[in-house]
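This report concerns only the one structure given below.
The values are calculated or read from the model by the stated rules, or taken from the named source; none is laboratory data. Bear in mind that the values here come from a model prediction, so they are computed numbers and not experimental data. Cβ coordinates were reconstructed from backbone atoms using ideal geometry, including for glycine residues, and neighbour counts include every protein chain displayed. Protein only, heavy atoms only, side chains kept; ligands, DNA and RNA dropped before computing areas. Shrake-Rupley method; radii C 1.70, N 1.55, O 1.52, S 1.80 Å.
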Amino acid sequence: MGTYTIALLPGDGIGPEVITEAVKVLEVVGDSFGHTFRFSEGLIGGRAVDATGFPLPPETLDLCRGADAVLLGAVGGPKWDGLPSAQRPETGLLDLRKNLRVYANLRPVVAYPSLVEASPLRPEVVSGTDFLIVRELTGGLYFGKPKERTQRNGQRQAVDTLIYTEEEIGRVVHLAFGLAAQRRKLVTSVDKANVLESSRLWREVVNEVAKGYPEVRLEHMLVDACAMEMVRRPTRFDVIVTENMFGDILSDEGAGVVGSIGLLPSASLGASPPALYEPVHGSAPDIAGQGIANPLGAILSVALLLRHSCNLEAEARAVEEAVAYVLSAGYRTRDLLPPVGAGEYKVVSTSQMGDMVAHALKENVPRKT
Ligand code: NAD
């Protein structure tokens with residue numbers, strides 16, 4: 001029976017709506033399994049800018065550093081789009097990841113049997129999809145210097161720098177192999193080694209790390225080929241490990257493969273706690289405040305939090321099974337409805353979906369049915 005401190009950063013747009021449901025589920029986990037979760041809430045993103053002038057106020061960072069795990073909703077929105085870079089909500093999130101030194105972003109991509117019709121791919125292609133994208137999160141093109149605009153010969157020019165050290169590559173690749181060893185034992189390392197020097201170093205380090213995991217099969221794949229394979233044969237993947245920008249793009253493609261971005265969770269892990277958990281989606285200003293956002297990405301992020309920060313595998317699985325059960329029982333937020341045949345489903349609001357999962361978990365419905 002453990003006690004865990006969770007820093008909650010609901011953020012902007014639909015962030016607070018989905019985090020409310022995630023907390024609801026975490027409280028049921030606490031009651032059902034005898035754990036105590038202590039919550040403390042902080043400001044991040046646009047709401048933090050409005051209140052303090054900063055997208056990541058120092059108090060928020062202190063709150064996170066004192067917690068066992070951080071659960072974040074989403075940041076951003078049109079209200080703050082015109083602000084200078086240092087004040088943009090997204091800068092707050094990048095700074096949080098940097099300060100917490102969370103170098104690996106895990107995004108599971110799972111096609112639930114009851115949701116295959118929500119995918120744009122044919123059911124026989126998407127059925128059985130279950131892979132994990134491990135994206136390097138604190139290096140590469142998004143952080144490399146120089147990163148600037150200059151003038152040359154009277155023209156504007158811009159530069160971003162794609163730089164990796166072997167240490168940055170090695171630690172995320174080790175993590176990916178460790179995770180693959182507990183799954184179907186296949187690592188697909190994605191790069192652009194035919195063109196990029198940084199990718200050639202990536203491949204070299206991956207080959208070195210692989211020697212320590214003889215039970216795990218390794219394949220290398222160019223990022224363009226991977227983008228195509230993901231829609232042609234998504235079931236062939238187990239763990240994909242890749243650098244920051246490739247991972248950013250491929251993980252959204254993964255969301256497209258299984259149908260709705262509202263469904264996908266993520267975990268960002270570093271060498272020491274706290275880790276950061278957040279749904280993959282953004283703040284969805286177009287639907288904020290309407291009570292229709294899908295909270296399952298946030299709820300499944302709770303499952304990752306239980307697994308990776310609390311070492312509570314049974315509790316994590318119980319949450320995932322409760323989600324799968326509610327979907328198989330025909331409950332859908334609007335984003336999960338198929339283009340045809342939507343009438344067969346029971347459409348629920350954000351809070352009703354949270355209630356359904358909490359109820360299934362409390363009554364242990366998946367195990368009883
Ligand atoms: P988005 O993910 O917010 O929305 C894309 C589309 O998906 C929208 O149509 C939205 O309604 C829908 N959607 C997203 N989450 C949903 C959910 N849970 N349930 C139902 N539908 C959902 O991406 P965007 O529109 O490109 O960005 C909106 C804002 O979010 C921007 O300010 C962007 O910078 C920010 N953003 C933040 C994060 C983050 O906080 N991690 C990530 C991506 C984008």
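Odds and ends about this structure:
- Whether the chain is rounded, prolate or oblate, judged on the alpha carbon gyration tensor where a/c under 1.5 counts as rounded: rounded
- A simple count of charges around residue 220, restricted to other residues whose Cβ falls under 10 Å of its Cβ and scoring Lys, Arg +1 and Asp, Glu -1, yields -1.
- Heavy-atom accessible area for residue 133, with the other protein chains in place and a 1.4 Å probe, reaches approximately 0 Å².
- Accessible area, probe 1.4 Å, largest first, for residues 1, 230, 356: 1, 356, 230
- In Hz, Karplus ³J(HN,Hα) per residue of segment 238-247 (6.51, -1.76, 1.60; θ = phi - 60°; x = Gly, Pro): 10, 10, 9, 10, 7, 6, 4, 6, 4, x
- Gain on full stretching of the segment that runs from residue 33 to residue 59 - 0.36 nm per residue minus C-alpha separation: 6.2 nm
- Cα centroid separation - segment 304-349 against segment 223-261, whole Å: 21 Å
- Highest to lowest packing among 37-46, 82-91, scored as the average C-beta count within 10 Å: 37-46, 82-91
- Using the Cβ-Cβ distance between residue 153 and residue 86 with R0 = 35 Å, the FRET efficiency computed as 1/(1 + (r/R0)^6) comes to roughly 0.75.
- Cα gyration tensor category, rounded, prolate or oblate, for segment 257-329 with a/c compared to 1.5: oblate
- Overall form of segment 190-309 per C-alpha gyration tensor (a/c, 1.5; a/b vs b/c): prolate
- Additional length obtainable on full extension of the chain from residue 200 to residue 99, 0.36 nm per residue less Cα span: 33.5 nm
- In a simple Cβ point-charge model (Lys, Arg +1; Asp, Glu -1; nothing else charged), segment 184-237 has a dipole of about 280 debye relative to its Cα centre.
- A Cβ-based charge dipole, computed about the Cα centre of the chain with Lys and Arg at +1 and Asp and Glu at -1, lands at about 380 debye.
- Stretch gain in nm, segment residue 160-residue 352, where the contour uses 0.36 nm per residue and the Cα spacing is subtracted: 64.6 nm
- Using C-alpha pairs below 8 Å separated by at least 6 residues, the relative contact order for the chain is 21 percent.
- 174, 308, reordered so the largest accessible area comes first (probe 1.4 Å): 174, 308
- Local electrostatic count, residue 305, Cβ distance below 11 Å [Lys/Arg +1, Asp/Glu -1]: -2
- Calculated FRET efficiency for the pair residue 130/residue 365, C-beta based, R₀ 22 Å, to 0.05: 0.50
- Candidates 172, 348, 239, ranked by Gaussian network fluctuation over the chain, Cα under 10 Å, top entry: 348
- When you filter the trypsin sites (Lys or Arg not before Pro) in segment 56-119 for DSSP loop state and at most 14 other Cβ atoms inside 10 Å of their Cβ, you are left with 101.
- Sorting 252, 12, 68 by accessible area puts them as 252, 68, 12; the probe is 1.4 Å, largest comes first, and only protein heavy atoms count.
- Distance between segment 78-152 and segment 1-32 - C-alpha centres, whole angstrom: 21 Å
- Net charge of the neighbourhood of residue 149, taken over other residues with C-beta under 14 Å away and scored Lys/Arg +1, Asp/Glu -1, is +2.
- At a probe radius of 1.4 angstrom, the accessible area of the chain per residue rounds to 44 square angstrom.
- Nearest-20 debye value, segment 120-258 charge dipole, Cβ charges on Lys, Arg, Asp, Glu: 180 debye
- Helix-derived mean residue ellipticity, 222 nm - over the chain, DSSP H n ≥ 4, -39500 (n - 2.57), to 500: -12500 deg cm²/dmol
- Inter-label distance, nm, simple model (7 Å from Cα along the C-beta direction), residue 272/residue 233: 4.5 nm
- For segment 22-28, the Karplus equation 6.51 cos²θ - 1.76 cosθ + 1.60, evaluated at θ = phi - 60°, returns couplings of 5, 5, 3, 5, 5, 5, 5 Hz by residue, with Gly and Pro reported as x.
- Förster radius 25 Å - calculated FRET efficiency between residue 182 and residue 208, Cβ distance, rounded to 0.05: 0.70
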